[in-house]
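For reference, the structure is listed below as structure tokens.
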Amino acid sequence: MRRTKAHGTPIGLYPWPVPTPGYVRGRCPLPALQSDIANAPGMSVVHTHRTLQSLDKMGLATLRDGQLAILDWDGLASLAEFDPECFRSQSDPVVLAEAKL
């Protein structure tokens, strides 16, 4: 298991951002280098840097001084084509009822 250089935190055990001490709605500590962030999904550092710059210019998210700030949750979710329903439990009564239809 690789670890970030900043704090020795294991990479790949959890999705970012994770609520941690210091977490404030829309912001959380992310003491990782861009190379650590790039390595997690197998991206190049250059592509990661350009992507982070794009998110900043679009007003969606910033990563500065070890702090990740999500500025526009809806815009970021839309860009990522994120569907929160994917996290609904398979044993959720609503999901089971919809599956029976």
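The values are calculated or read from the model by the stated rules, or taken from the named source; none is laboratory data. Keep in mind the model is a prediction, meaning the values are calculated, not measured. Using ideal geometry, Cβ is built from the backbone for each residue, glycine included, and neighbour counts are taken over all protein chains shown.
Worth a mention:
- Within the stretch 41-88, the set of residues being part of a loop (DSSP other than H, G, I, E, B) and over 24 Å from Arg25 (Cα atoms) comprises Pro41, Gly42, Met43, Ser44.
- Residues that are surrounded by fewer than 13 Cβ atoms within 10 Å (Cβ to Cβ) and closer than 20 Å to Glu81 by Cβ within the stretch 21-56 comprise Pro41, Gly42, His47, Arg50, Ser54, listed in sequence order.
- Pair list, Cβ under 9 Å, 6 or more apart: the stretch 20-33 residue under 11 Å from Leu68 (Cα atoms) and modelled with pLDDT of 85 or more, other residue among the polar types (S, T, N, Q) and loosely packed, with under 14 Cβ neighbours inside 10 Å: Cys28/Thr20; Pro29/Thr20
- Verdict on Asp74 being free of Cβ contacts under 8 Å to residues at least 40 places away in the same chain, at positive phi and more than 13 Å from the chain's Cα centre (by Cα): no
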